[in-house]
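Just below is one structure, and these are the notes that go with it.
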(Lines give C-alpha, C1' and ligand atoms only; values in the text may rest on other atoms or scores of the structure.)
Protein backbone atom coordinates (compact mmCIF):
# COMPACT_ATOMS: atom_id res chain seq x y z
CA UNK A 1 0.00 0.00 0.00
CA UNK A 2 1.27 3.44 -0.93
CA UNK A 3 0.71 6.77 0.78
CA UNK A 4 -0.96 9.58 -1.15
CA UNK A 5 0.05 13.23 -0.75
CA UNK A 6 -1.44 16.43 -2.12
CA UNK A 7 -0.26 19.66 -3.67
CA UNK A 8 -0.04 22.33 -0.93
CA UNK A 9 -3.06 24.35 -2.03
CA UNK A 10 -4.06 24.78 1.64
CA UNK A 11 -2.03 24.69 4.87
CA UNK A 12 -3.62 21.35 5.73
CA UNK A 13 -2.68 19.74 2.44
CA UNK A 14 0.96 20.80 2.73
CA UNK A 15 1.86 18.00 5.16
CA UNK A 16 -1.17 15.73 4.90
CA UNK A 17 -0.57 12.12 3.86
CA UNK A 18 -3.42 9.63 3.52
CA UNK A 19 -3.62 5.95 2.73
CA UNK A 20 -3.95 4.78 -0.84
CA UNK A 21 -6.75 2.21 -0.86
CA UNK A 22 -5.97 0.91 -4.36
CA UNK A 23 -5.19 -2.60 -3.09
CA UNK A 24 -8.65 -3.05 -1.52
CA UNK A 25 -11.13 -5.09 -3.52
CA UNK A 26 -14.37 -4.56 -1.58
CA UNK A 27 -15.96 -1.40 -0.15
CA UNK A 28 -18.80 -2.68 2.01
CA UNK A 29 -18.14 -5.22 4.79
CA UNK A 30 -19.74 -8.63 5.08
CA UNK A 31 -23.09 -7.98 6.72
CA UNK A 32 -23.08 -11.03 9.00
CA UNK A 33 -19.63 -10.23 10.35
CA UNK A 34 -20.22 -6.66 11.58
CA UNK A 35 -22.00 -4.93 14.42
CA UNK A 36 -22.49 -1.24 15.19
CA UNK A 37 -20.12 0.34 17.67
CA UNK A 38 -21.94 1.99 20.55
CA UNK A 39 -20.75 5.51 21.32
CA UNK A 40 -19.84 6.23 24.96
CA UNK A 41 -18.19 9.64 24.83
CA UNK A 42 -15.63 8.27 27.29
CA UNK A 43 -18.25 7.91 30.05
CA UNK A 44 -19.08 4.84 32.13
CA UNK A 45 -22.52 3.53 33.07
CA UNK A 46 -22.84 6.26 35.73
CA UNK A 47 -22.17 9.08 33.27
CA UNK A 48 -18.72 9.86 34.68
CA UNK A 49 -15.82 10.49 32.30
CA UNK A 50 -13.32 7.64 32.61
CA UNK A 51 -11.48 8.15 29.30
CA UNK A 52 -10.69 11.70 28.24
CA UNK A 53 -10.54 13.17 24.73
CA UNK A 54 -13.19 10.82 23.32
CA UNK A 55 -16.39 11.90 21.60
CA UNK A 56 -18.10 12.49 18.29
CA UNK A 57 -16.64 11.09 15.12
CA UNK A 58 -18.01 9.16 12.21
CA UNK A 59 -20.24 6.13 12.78
CA UNK A 60 -18.16 2.95 12.83
CA UNK A 61 -18.94 -0.74 12.54
CA UNK A 62 -16.95 -3.41 14.37
CA UNK A 63 -15.72 -6.27 12.20
CA UNK A 64 -15.70 -9.68 13.89
CA UNK A 65 -12.13 -10.91 13.29
CA UNK A 66 -11.14 -14.55 13.72
CA UNK A 67 -8.08 -14.34 15.98
CA UNK A 68 -8.41 -17.93 17.21
CA UNK A 69 -8.10 -19.56 13.75
CA UNK A 70 -9.74 -22.65 15.23
CA UNK A 71 -11.25 -23.90 11.97
CA UNK A 72 -8.44 -26.37 11.43
CA UNK A 73 -7.82 -28.70 8.53
CA UNK A 74 -10.22 -26.86 6.17
CA UNK A 75 -8.86 -24.83 3.27
CA UNK A 76 -10.14 -21.30 2.70
CA UNK A 77 -9.89 -18.92 -0.24
CA UNK A 78 -9.23 -15.19 0.05
CA UNK A 79 -12.18 -13.55 -1.70
CA UNK A 80 -11.65 -9.90 -0.69
CA UNK A 81 -9.30 -7.42 0.99
CA UNK A 82 -11.13 -4.80 3.04
CA UNK A 83 -10.62 -1.66 5.13
CA UNK A 84 -11.27 -1.74 8.87
CA UNK A 85 -11.84 1.63 10.60
CA UNK A 86 -11.13 0.05 14.01
CA UNK A 87 -7.52 -0.96 13.34
CA UNK A 88 -4.47 0.04 11.33
CA UNK A 89 -4.20 -3.29 9.50
CA UNK A 90 -6.29 -4.45 6.57
CA UNK A 91 -8.63 -7.44 6.70
CA UNK A 92 -8.85 -10.46 4.41
CA UNK A 93 -12.24 -12.10 3.92
CA UNK A 94 -11.94 -15.89 3.79
CA UNK A 95 -14.48 -18.33 2.40
CA UNK A 96 -14.04 -21.92 3.53
CA UNK A 97 -14.93 -24.93 1.44
CA UNK A 98 -18.01 -25.48 3.61
CA UNK A 99 -19.30 -21.98 2.76
CA UNK A 100 -18.49 -20.18 6.03
CA UNK A 101 -16.88 -16.73 5.83
CA UNK A 102 -14.46 -15.23 8.33
CA UNK A 103 -12.20 -12.20 8.64
CA UNK A 104 -8.49 -12.43 9.41
CA UNK A 105 -5.78 -9.78 9.65
CA UNK A 106 -4.25 -9.58 6.17
CA UNK A 107 -0.47 -10.18 5.98
CA UNK A 108 1.97 -8.77 3.45
CA UNK A 109 1.77 -10.61 0.13
CA UNK A 110 -1.70 -12.12 0.58
CA UNK A 111 -3.80 -11.66 -2.56
CA UNK A 112 -7.34 -12.43 -3.66
CA UNK A 113 -7.53 -16.03 -4.79
CA UNK A 114 -4.82 -17.32 -2.43
CA UNK A 115 -5.49 -20.41 -0.31
CA UNK A 116 -4.88 -20.45 3.44
CA UNK A 117 -5.33 -23.04 6.15
CA UNK A 118 -4.92 -23.38 9.90
CA UNK A 119 -3.77 -26.33 12.00
CA UNK A 120 -0.65 -28.40 12.55
CA UNK A 121 -0.97 -29.92 9.05
CA UNK A 122 -0.82 -26.53 7.28
CA UNK A 123 2.40 -25.64 5.41
CA UNK A 124 4.51 -22.76 6.70
CA UNK A 125 3.34 -20.24 4.09
CA UNK A 126 2.02 -16.68 4.40
CA UNK A 127 -1.43 -16.48 5.99
CA UNK A 128 -1.45 -20.00 7.43
CA UNK A 129 -1.97 -20.38 11.18
CA UNK A 130 -0.40 -23.18 13.17
CA UNK A 131 0.90 -24.00 16.66
CA UNK A 132 4.32 -22.57 17.47
CA UNK A 133 5.65 -26.13 17.66
CA UNK A 134 5.19 -26.38 13.87
CA UNK A 135 6.73 -23.00 12.98
CA UNK A 136 10.33 -23.24 11.67
CA UNK A 137 12.96 -21.27 13.59
CA UNK A 138 13.66 -17.87 12.07
CA UNK A 139 10.15 -17.46 10.66
CA UNK A 140 8.22 -14.20 10.97
CA UNK A 141 4.83 -14.58 12.65
CA UNK A 142 2.01 -12.33 13.81
CA UNK A 143 -1.26 -12.59 15.78
CA UNK A 144 0.39 -14.77 18.44
CA UNK A 145 -1.54 -16.31 21.29
CA UNK A 146 -0.33 -16.03 24.88
CA UNK A 147 -2.75 -18.67 26.14
CA UNK A 148 -3.75 -21.65 23.97
CA UNK A 149 -7.24 -21.15 22.55
CA UNK A 150 -7.61 -17.53 23.65
CA UNK A 151 -6.82 -15.96 20.28
CA UNK A 152 -3.97 -13.86 18.91
CA UNK A 153 -2.91 -11.00 21.17
CA UNK A 154 0.61 -10.02 20.08
CA UNK A 155 1.77 -8.36 16.83
CA UNK A 156 -1.58 -7.41 15.29
CA UNK A 157 -1.04 -3.78 14.19
CA UNK A 158 0.05 -2.67 10.73
CA UNK A 159 3.57 -3.75 9.76
CA UNK A 160 4.31 -5.62 12.99
CA UNK A 161 5.74 -9.13 13.28
CA UNK A 162 7.64 -11.31 15.72
CA UNK A 163 10.45 -13.77 15.06
CA UNK A 164 10.61 -17.37 16.26
CA UNK A 165 14.12 -17.68 17.70
CA UNK A 166 14.01 -21.31 18.84
CA UNK A 167 11.59 -24.08 19.71
CA UNK A 168 12.57 -26.30 22.62
CA UNK A 169 10.40 -28.52 24.79
CA UNK A 170 7.06 -26.99 25.72
CA UNK A 171 8.07 -23.37 25.08
CA UNK A 172 9.27 -21.37 22.11
CA UNK A 173 11.43 -18.26 22.32
CA UNK A 174 9.78 -15.39 20.43
CA UNK A 175 11.45 -12.06 19.72
CA UNK A 176 8.66 -9.48 19.99
CA UNK A 177 8.43 -6.24 17.96
CA UNK A 178 9.73 -4.37 21.02
CA UNK A 179 12.97 -6.41 20.93
CA UNK A 180 12.08 -8.37 24.04
CA UNK A 181 12.42 -12.16 23.88
CA UNK A 182 9.59 -14.04 25.50
CA UNK A 183 8.87 -17.71 26.16
CA UNK A 184 5.46 -18.77 24.84
CA UNK A 185 3.90 -22.23 25.00
CA UNK A 186 4.26 -24.22 21.78
CA UNK A 187 0.53 -25.02 21.73
CA UNK A 188 -0.26 -21.33 21.13
CA UNK A 189 -1.28 -20.46 17.59
CA UNK A 190 0.54 -17.97 15.37
CA UNK A 191 0.11 -16.87 11.77
CA UNK A 192 3.00 -16.93 9.30
CA UNK A 193 4.03 -13.59 7.82
CA UNK A 194 4.02 -9.88 8.63
CA UNK A 195 0.93 -7.73 9.13
CA UNK A 196 0.15 -5.77 5.97
CA UNK A 197 -0.34 -2.03 5.43
CA UNK A 198 3.31 -1.42 6.32
CA UNK A 199 3.12 2.21 5.10
CA UNK A 200 0.70 3.13 7.88
CA UNK A 201 3.51 4.75 9.88
CA UNK A 202 3.96 7.34 7.13
CA UNK A 203 0.40 8.67 7.38
CA UNK A 204 0.18 12.28 8.60
CA UNK A 205 -3.15 13.49 10.03
CA UNK A 206 -2.53 17.05 8.88
CA UNK A 207 -5.55 18.75 10.44
CA UNK A 208 -7.58 18.84 13.62
CA UNK A 209 -10.71 18.04 11.64
CA UNK A 210 -9.44 14.61 10.67
CA UNK A 211 -8.86 13.78 14.32
CA UNK A 212 -12.39 14.88 15.20
CA UNK A 213 -13.67 12.71 12.36
CA UNK A 214 -11.94 9.76 14.05
CA UNK A 215 -13.68 10.49 17.36
CA UNK A 216 -10.72 12.13 19.08
CA UNK A 217 -11.37 15.38 20.90
CA UNK A 218 -8.63 17.90 21.77
CA UNK A 219 -6.92 17.66 25.15
CA UNK A 220 -5.35 20.54 27.07
CA UNK A 221 -1.89 19.94 28.50
CA UNK A 222 -1.64 19.71 32.26
CA UNK A 223 0.85 22.59 32.56
CA UNK A 224 -1.67 24.91 30.85
CA UNK A 225 -4.42 24.22 33.38
CA UNK A 226 -5.14 25.71 36.75
CA UNK A 227 -3.70 24.09 39.89
CA UNK A 228 -7.20 22.99 40.91
CA UNK A 229 -7.60 21.02 37.67
CA UNK A 230 -4.22 19.29 37.38
CA UNK A 231 -1.19 18.62 39.63
CA UNK A 232 1.09 20.28 37.04
CA UNK A 233 -1.16 23.30 36.58
CA UNK A 234 -0.24 26.87 37.53
CA UNK A 235 3.46 26.42 36.77
CA UNK A 236 3.99 23.36 38.97
CA UNK A 237 5.08 21.37 35.95
CA UNK A 238 7.42 24.00 34.51
CA UNK A 239 9.34 25.35 37.46
CA UNK A 240 12.88 23.96 37.44
CA UNK A 241 14.34 25.67 40.49
CA UNK A 242 12.32 25.19 43.62
CA UNK A 243 8.73 25.83 44.45
CA UNK A 244 7.25 23.59 41.78
CA UNK A 245 6.64 19.94 41.09
CA UNK A 246 9.66 18.54 39.29
CA UNK A 247 8.08 15.51 37.63
CA UNK A 248 5.21 15.43 35.17
CA UNK A 249 2.29 13.37 36.43
CA UNK A 250 -1.22 12.35 35.41
CA UNK A 251 -4.28 14.17 36.77
CA UNK A 252 -4.30 11.60 39.58
CA UNK A 253 -0.64 12.08 40.53
CA UNK A 254 0.83 9.01 38.79
CA UNK A 255 4.33 9.68 37.47
CA UNK A 256 4.61 10.02 33.71
CA UNK A 257 7.51 9.62 31.26
CA UNK A 258 9.33 6.46 32.26
CA UNK A 259 7.50 5.28 35.36
CA UNK A 260 7.01 1.51 35.06
CA UNK A 261 3.56 0.31 36.09
CA UNK A 262 4.08 -3.40 35.39
CA UNK A 263 3.96 -5.45 38.58
CA UNK A 264 7.16 -7.33 39.34
CA UNK A 265 5.00 -10.16 40.66
CA UNK A 266 3.13 -10.60 37.36
CA UNK A 267 3.05 -14.36 36.59
CA UNK A 268 4.21 -13.92 32.98
CA UNK A 269 7.50 -12.35 34.15
CA UNK A 270 9.03 -15.81 34.38
CA UNK A 271 8.54 -16.27 30.64
CA UNK A 272 10.61 -13.22 29.67
CA UNK A 273 14.10 -14.22 28.58
CA UNK A 274 16.07 -11.07 27.76
CA UNK A 275 14.79 -7.55 28.23
CA UNK A 276 15.63 -4.66 25.96
CA UNK A 277 17.97 -3.08 28.48
CA UNK A 278 20.21 -6.17 28.37
CA UNK A 279 19.72 -7.30 31.96
CA UNK A 280 20.60 -10.92 32.71
CA UNK A 281 17.63 -12.93 33.96
CA UNK A 282 18.02 -16.29 35.68
CA UNK A 283 15.01 -18.56 35.24
CA UNK A 284 16.00 -21.53 37.37
CA UNK A 285 18.61 -22.32 39.99
CA UNK A 286 21.89 -23.83 38.83
CA UNK A 287 20.99 -26.81 41.01
CA UNK A 288 17.87 -27.51 38.92
CA UNK A 289 17.54 -28.84 35.38
CA UNK A 290 16.48 -26.48 32.59
CA UNK A 291 15.39 -27.45 29.08
CA UNK A 292 17.85 -25.65 26.82
CA UNK A 293 19.87 -28.35 25.05
CA UNK A 294 17.19 -30.83 24.02
CA UNK A 295 18.49 -33.98 22.30
CA UNK A 296 22.24 -33.62 22.82
CA UNK A 297 25.50 -35.48 23.42
CA UNK A 298 28.89 -34.43 24.84
CA UNK A 299 31.93 -36.67 25.41
CA UNK A 300 29.89 -39.84 25.26
CA UNK A 301 27.15 -38.62 27.61
CA UNK A 302 23.63 -37.90 26.37
CA UNK A 303 20.93 -35.59 27.75
CA UNK A 304 23.21 -32.63 28.42
CA UNK A 305 20.42 -30.85 30.30
CA UNK A 306 21.14 -33.14 33.25
CA UNK A 307 24.77 -32.08 33.73
CA UNK A 308 25.20 -28.65 32.08
CA UNK A 309 24.44 -24.98 32.69
CA UNK A 310 22.70 -23.17 29.84
CA UNK A 311 23.38 -19.51 29.00
CA UNK A 312 21.30 -17.86 26.26
CA UNK A 313 22.34 -14.76 24.31
CA UNK A 314 19.91 -12.61 22.38
CA UNK A 315 20.87 -12.62 18.72
CA UNK A 316 21.04 -14.70 15.56
CA UNK A 317 23.68 -16.75 13.76
CA UNK A 318 24.36 -13.94 11.29
CA UNK A 319 24.34 -10.79 13.46
CA UNK A 320 27.36 -9.82 15.51
CA UNK A 321 26.97 -9.88 19.27
CA UNK A 322 27.53 -6.64 21.17
CA UNK A 323 30.40 -5.87 23.52
CA UNK A 324 27.91 -5.54 26.38
CA UNK A 325 26.90 -9.15 25.80
CA UNK A 326 30.51 -10.36 25.97
CA UNK A 327 31.02 -8.39 29.21
CA UNK A 328 27.92 -9.88 30.84
CA UNK A 329 28.75 -13.35 29.49
CA UNK A 330 32.18 -13.15 31.09
CA UNK A 331 30.61 -12.20 34.43
CA UNK A 332 28.09 -15.05 34.29
CA UNK A 333 30.71 -17.67 33.37
CA UNK A 334 33.04 -16.54 36.16
CA UNK A 335 30.23 -16.77 38.71
CA UNK A 336 29.19 -20.19 37.43
CA UNK A 337 32.75 -21.52 37.63
CA UNK A 338 33.14 -20.08 41.13
CA UNK A 339 29.97 -21.87 42.23
CA UNK A 340 30.89 -25.06 40.36
CA UNK A 341 34.72 -25.46 40.38
CA UNK A 342 34.47 -28.80 38.54
CA UNK A 343 33.66 -26.99 35.25
CA UNK A 344 36.76 -27.47 33.10
CA UNK A 345 38.15 -24.87 30.71
CA UNK A 346 37.49 -26.96 27.61
CA UNK A 347 33.89 -27.65 28.66
CA UNK A 348 32.61 -24.22 27.59
CA UNK A 349 30.91 -25.04 24.28
CA UNK A 350 28.03 -23.93 22.09
CA UNK A 351 24.72 -25.62 21.37
CA UNK A 352 26.02 -26.50 17.92
CA UNK A 353 28.79 -28.58 19.57
CA UNK A 354 26.50 -30.72 21.71
CA UNK A 355 23.75 -31.05 19.11
CA UNK A 356 25.36 -30.76 15.65
CA UNK A 357 22.99 -30.74 12.72
CA UNK A 358 20.04 -29.76 14.91
CA UNK A 359 21.35 -26.55 16.50
CA UNK A 360 23.51 -23.81 14.97
CA UNK A 361 23.88 -21.26 17.78
CA UNK A 362 25.78 -19.25 18.74
CA UNK A 363 26.83 -19.31 15.07
CA UNK A 364 29.78 -17.91 13.14
CA UNK A 365 29.05 -14.40 14.41
CA UNK A 366 30.17 -15.36 17.93
CA UNK A 367 33.82 -14.46 18.66
CA UNK A 368 35.25 -17.41 20.62
CA UNK A 369 38.72 -15.83 20.60
CA UNK A 370 37.44 -12.76 22.45
CA UNK A 371 35.71 -14.94 25.04
CA UNK A 372 38.93 -16.87 25.61
CA UNK A 373 40.87 -13.63 26.05
CA UNK A 374 38.33 -12.21 28.48
CA UNK A 375 38.29 -15.34 30.59
CA UNK A 376 42.08 -15.70 30.48
CA UNK A 377 41.83 -19.35 29.50
CA UNK A 378 44.52 -21.27 27.64
CA UNK A 379 42.19 -23.21 25.38
CA UNK A 380 38.59 -23.43 24.28
CA UNK A 381 37.25 -26.15 21.97
CA UNK A 382 36.41 -23.63 19.26
CA UNK A 383 39.75 -21.72 19.32
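Could you look through segment 164-190, keep only residues that are out of contact with any strand residue (DSSP E or B) (no Cβ under 7 Å at 6 or more places or on another chain) and surrounded by 17 or more Cβ atoms within 10 Å (Cβ to Cβ), and pick out the one that is farthest from residue 72 (Cα to Cα)?
To start, the set of residues in segment 164-190 that are out of contact with any strand residue (DSSP E or B) (no Cβ under 7 Å at 6 or more places or on another chain) comprises 167-169, 178-179.
Filter once more, keeping what is surrounded by 17 or more Cβ atoms within 10 Å (Cβ to Cβ): 167-168.
On the way: 167: 22, 168: 24 Å.
So, considering only residues that are out of contact with any strand residue (DSSP E or B) (no Cβ under 7 Å at 6 or more places or on another chain) and surrounded by 17 or more Cβ atoms within 10 Å (Cβ to Cβ), the one farthest from residue 72 (Cα to Cα) is 168.
Would you pick out the residues in segment 181-208 that are in contact (Cβ under 8 Å) with a residue 40 or more places away in the chain and farther than 30 Å from residue 162 by Cβ?
Step one: filter segment 181-208 for residues in contact (Cβ under 8 Å) with a residue 40 or more places away in the chain, giving 181-207.
Passing the criteria: 206, 207.
Yes/no per residue for (1) under 18 Å from residue 189 (Cα atoms); (2) surrounded by fewer than 22 Cβ atoms within 10 Å (Cβ to Cβ); (3) modelled with pLDDT under 95:
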| site | (1), (2), (3) |
| --- | --- |
| 76 | yes, no, no |
| 98 | no, yes, yes |
| 105 | yes, no, no |
| 115 | no, yes, no |
| 130 | yes, no, no |
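Report, by residue number, each residue of segment 228-251 that is at pLDDT 85 or above and either under 30 Å from residue 162 (Cα atoms) or exposed (fewer than 12 other Cβ atoms within 10 Å of the Cβ) (or both).
228, the sole residue that qualifies.
For segment 216-235, state whether one or more residues are assigned to a loop (DSSP other than H, G, I, E, B) and within 28 Å of residue 117 (Cα to Cα). Don't jump to the end; show me each part of the working.
Within segment 216-235, the subset assigned to a loop (DSSP other than H, G, I, E, B) is 217-221, 225-232.
Narrowing further to those that are within 28 Å of residue 117 (Cα to Cα): none.
No, segment 216-235 contains no residue that is assigned to a loop (DSSP other than H, G, I, E, B) and within 28 Å of residue 117 (Cα to Cα).
Condition first: part of a helix (DSSP H, G or I) and in contact (Cβ under 8 Å) with a residue 40 or more places away in the chain. Can you find one or more residues in segment 151-162 that meet it? Don't jump to the end; show me each part of the working.
Narrowing segment 151-162 to residues part of a helix (DSSP H, G or I): none.
Among the residues of segment 151-162, not one is part of a helix (DSSP H, G or I) and in contact (Cβ under 8 Å) with a residue 40 or more places away in the chain, which makes the answer no.
The values are calculated or read from the model by the stated rules, or taken from the named source; none is laboratory data. Since this is a predicted model, take the numbers as computed values, not measurements. Because the Cβ atoms are built from the backbone with ideal geometry, glycine has one as well, and the counts that use them run over all protein chains shown.
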